[in-house]
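Colleague: Following this message is one structure expressed as structure tokens.
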Amino acid sequence: MTEHQQRIVRLTEQLRALPPGAPVRLAKRTSNLFRTRVTNSAPGLDVSALQHVLHVDPRRRTADVEGMVTYETLVDATLPHGLMPLVVPQLKTITLGGAVSGVGIESSSFRNGAPHESVLEMDLLTGDGELITVSPANEHSELFFGFPNSYGTLGYALRLRIELEPVKPYVHLRHVRHHDARAFFEDFAAQCTSSEVDFVDGTVFGPDELYLTLGRFVDAAPYTSDYTWLEIYYRSIQRRSQDFLTVRDYLWRWDTDWFWCSRAFGAQRRWVRRLAGRRLLRSDVYWKIVDFERRHRVMSRIDRRRGRPEQEPVVQDVEVPVHRAAEFLDFFHREIPISPVWVCPLRQRDRQRRWPLYEFDPDTLYVNFGFWSTVDLEPGEADDTHNRMIESAVESLDGRKSLYSTAYYTEDDFWRLYNGEAYWRLKKQYDPDGRLLDLYAKCVGDR
């Protein structure tokens, strides 16, 4: 047996050791989910050993990896071959299995779609304890296409084979400022049809300060900037019209400051950055601070004593068709006092395929809006006021909301939006005893 097979055997033995009918969950040391959940003391499956890149095939441009491999580890394995995954989500500790069972995105998504669209096959451990291989054309093809946006409620990815694409050593960036949202999104859409760019995303600092960032692979660079310690990438967008980064630094340009959320921890002060060093300026460190605050509410109690208003966490990623994007941004600036906002284009890679649990119009370019902060509540306002406003606005604009953070839909609305008919058909086939939480219970229910 290979070492990978031995790790799978140990995992299935853990599953068999659980009492009959006991719910199954993963015991994960890290997470990039932002849902409020009740602490569960029940034992979980320890999948921490499944974090290996098994094989990189430079000729076929594929990689076989275990489900808990982080994108940081995967990129370190592929870049020496001059290759990268087709889509590399922004944060280093996002796992491949997580990005595929959820819906990841990055600045190559206007041409490569979401991470699940580059998957060739997967080995899944289903809710009924079976280990199966799923692919687009085998007898489990319905599960292959239904796995994205299932968030571990239909099974867990233990091995994935994905496509890779060639890279060049450097990325040349151009930051183009716009003063009007409608002109910005017109340029945004036009750039996504250009063969002259490899990456497209944008940063909105205010209604009249919008930057479109265009990236292109290049073989040589006159200089390279370093945003892994003292300098801050998102601030450079306002100061520079162009920039050069190594390809690795480009892929992780947002991680050092968790986009811009490091400011909440004082980590954008220069003396703090000097003391912290590169080792601590990472998204997973910030996530641990947030998790500690959620459990102990230290800063919340201090703010309450100081008389500060109650705050509502607003941590969301939503997708809206590009022709409705300016409408959404107008609503956002009017109702949600958060800045900056990240924008990233997304188009389905293969128009002939259908991903039923998170379905897009394959002929439409979508704009992802990412915003991660808190909003002050007026006296008497419910603590879900702004999140519900966003959900309503997104639905009215024919958009979709990612489920990695707290959702507030009613059960009927949830299954209408996320194709309950297709989901329950798969659930009954691959988890007939309901040992895994269902998607609504996991993403909306307080579990």
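The values are calculated or read from the model by the stated rules, or taken from the named source; none is laboratory data. Note that the coordinates shown come from a computational prediction; the quantities given were computed from them, not determined experimentally. Heads up, the Cβs are rebuilt from the backbone with ideal geometry, glycines too, and the neighbour counts pull from every protein chain shown. Just the protein is used for accessible areas: all its heavy atoms, side chains included, with ligands, DNA and RNA removed. Shrake-Rupley method; radii C 1.70, N 1.55, O 1.52, S 1.80 Å.
Colleague: So what's the net charge close to Asp433: Lys and Arg +1, Asp and Glu -1, counting the other residues with Cβ under 15 Å from its Cβ? Show your work: numbers first, answer last.
Modeller: On the way: positive: Arg16, Arg25, Lys427, Lys428, Arg435; negative: Asp128, Glu130, Asp431, Asp438.
So the surrounding residues net to +1.
Colleague: Taking square-rooted eigenvalues a ≥ b ≥ c of the alpha carbon gyration tensor, is the range 146-270 rounded, prolate or oblate, where a/c under 1.5 means rounded and, failing that, a/b exceeding b/c means prolate? Don't skip to the answer; put the middle values down first.
Modeller: On the way: a/c = 1.35, a/b = 1.29, b/c = 1.05.
Taking the square roots of the gyration eigenvalues as a ≥ b ≥ c, the range 146-270 is rounded.
Colleague: What FRET efficiency comes out for Leu33 versus Tyr408 if R0 is 25 angstrom and r is the Cβ-Cβ distance? Round to the nearest 0.05. Walk me through the intermediate numbers first.
Modeller: Values: r = 16 Å, r/R0 = 0.63.
Efficiency, rounded to the nearest 0.05: 0.95.
Colleague: Here's something else I'd like to know. What percentages, rounded to whole numbers, describe P(r) for the range 281-405 computed over all alpha carbon pairs with 5 Å bin width beginning at zero?
Modeller: Cα pair-distance distribution for the range 281-405, in percent: 2, 9, 16, 20, 17, 14, 11, 7, 3, 1, 0, 0.
Colleague: Multiply the residue separation of Leu26 and Ser339 by 0.36 nm, subtract the distance between their alpha-carbon atoms, and state the gained length in nm to one decimal.
Modeller: Gain on stretching Leu26 to Ser339: 109.2 nm.
Colleague: While we're looking at this one, here's another question. Give the dimensionless ratio obtained when the Cα radius of gyration of the range 58-150 is divided by 2.2 N^0.38 Å.
Modeller: On the way: Rg = 13.3 Å, N = 93, 2.2 N^0.38 = 12.3 Å.
Ratio of Rg to 2.2 N^0.38 Å for the range 58-150: 1.08.
Colleague: Quote to one decimal, in nm, the extra length available between Ser48 and Val272 on full extension: 0.36 nm per residue of separation minus the C-alpha distance between them. Before the final figure, lay out each step's value.
Modeller: On the way: separation 224, 0.36 × 224 = 80.64 nm, distance 3.18 nm.
Additional length available on full extension: 77.5 nm.
Colleague: Would you list Ser194, Ser225 from the most to the least accessible area, probe 1.4 Å? Show your work: numbers first, answer last.
Modeller: Details: Ser194 35, Ser225 15 Å².
Greatest to least solvent exposure: Ser194, Ser225.
Colleague: Could you tell me which trypsin sites (Lys or Arg not before Pro) in the range 256-354 are loop residues by DSSP with no more than 16 other beta carbons within 10 angstrom of their beta carbon? All intermediate terms of the calculation are to be shown ahead of the outcome.
Modeller: Values: sites: Arg263, Arg269, Arg270, Arg273, Arg274, Arg278, Arg279, Arg282, Lys288, Arg294, Arg295, Arg297, Arg301, Arg304, Arg305, Arg306, Arg324, Arg334, Arg347, Arg349, Arg351, Arg353, Arg354; in loops: Arg269, Arg282, Arg297, Arg306, Arg347, Arg349, Arg351, Arg353, Arg354.
The qualifying sites are Arg269, Arg297, Arg306, Arg351, Arg353, Arg354.
Colleague: While we're here: Protein chains only, probe 1.4 Å: how do Glu395, Glu66, Glu411, Glu163 rank by accessible area, largest first?
Modeller: Numbers: Glu395 70, Glu66 0, Glu411 90, Glu163 50 Å².
The ordering from most to least exposed comes out as Glu411, Glu395, Glu163, Glu66.
Colleague: Protein chains only, probe 1.4 Å: how do His81, His178, His333 rank by accessible area, largest first?
Modeller: So, going from the largest accessible area down, we get His81, His333, His178.
Colleague: Hey, can you grab everything whose amide H is under 5 Å from the amide H of Val315? Only 5+ residues off in sequence or another chain; H modelled, so Pro and N-termini drop out.
Modeller: Answer set, sorted by chain and number: Ser373.
Colleague: For a label point 7 Å from the Cα of Gln242 along Cα→C-beta, name the residues of the range 157-194 whose backbone N is under 16 Å from it.
Modeller: Under 16 Å, as judged by backbone N against the label point of Gln242, lie 170-177 of the range 157-194.
Colleague: Same structure, new question: Residues of the range 124-139 with the amide nitrogen closer than 20 Å to a label point 7 Å from the Cα of Glu13, along Cα-to-Cβ, please.
Modeller: Answer for this model: 125-126, 129-132.
Colleague: Would you mind working out the accessible area per residue for the range 257-311, using a 1.4 Å probe, and quoting it in Å²? Let's see the in-between values first.
Modeller: Working: 3800 Å² over 55 residues.
Using a 1.4 Å probe on heavy atoms only, each residue of the range 257-311 averages 69 Å².
Colleague: For the chain, what's the relative contact order in percent, using C-alpha pairs closer than 8 Å and at least 6 residues apart? Show your work: numbers first, answer last.
Modeller: Values: 833 pairs, mean separation 81.9, N = 447.
Worked out over the chain, it gives 18 percent.
Colleague: Using just the helices of the chain, give the 222 nm mean residue ellipticity in deg cm²/dmol: DSSP H runs with n ≥ 4 each add -39,500 (n - 2.57), and the total is spread over all residues, rounded to 500.
Modeller: Numbers: 16 runs with 141 residues, N = 447.
Value at 222 nm, helices only: -9000 deg cm²/dmol.
Colleague: If you average 1/r over all unlike Cα pairs in the chain and invert the result, what Kirkwood radius do you get in angstrom?
Modeller: Values: mean 1/r = 0.0439 Å⁻¹.
So the Kirkwood estimate lands at 22.8 Å.
Colleague: Between Leu33, Leu83, Leu143, find the one with the highest GNM mean-square fluctuation for the chain; connect C-alpha pairs within less than 10 Å.
Modeller: With Cα springs under 10 Å in the chain, the top fluctuation among Leu33, Leu83, Leu143 is at Leu33.
Colleague: Starting from 0.36 nm per residue, how many nanometres of slack lie between Asp303 and Glu139 once their C-alpha separation is accounted for? It would help to have the intermediate numbers written out before the result.
Modeller: Details: separation 164, 0.36 × 164 = 59.04 nm, distance 5.60 nm.
So the extension gain works out to 53.4 nm.
Colleague: Could you please state, rounded to a whole Å, how far the C-alpha centre of the range 41-75 is from the C-alpha centre of the range 96-157?
Modeller: Rounded to whole Å, the Cα centres lie 14 Å apart.
Colleague: Comparing Val24, Val56, Val290, which has the greatest mean-square fluctuation in the GNM of the chain with Cα pairs linked when under 10 Å apart?
Modeller: Highest fluctuation among the options: Val290.
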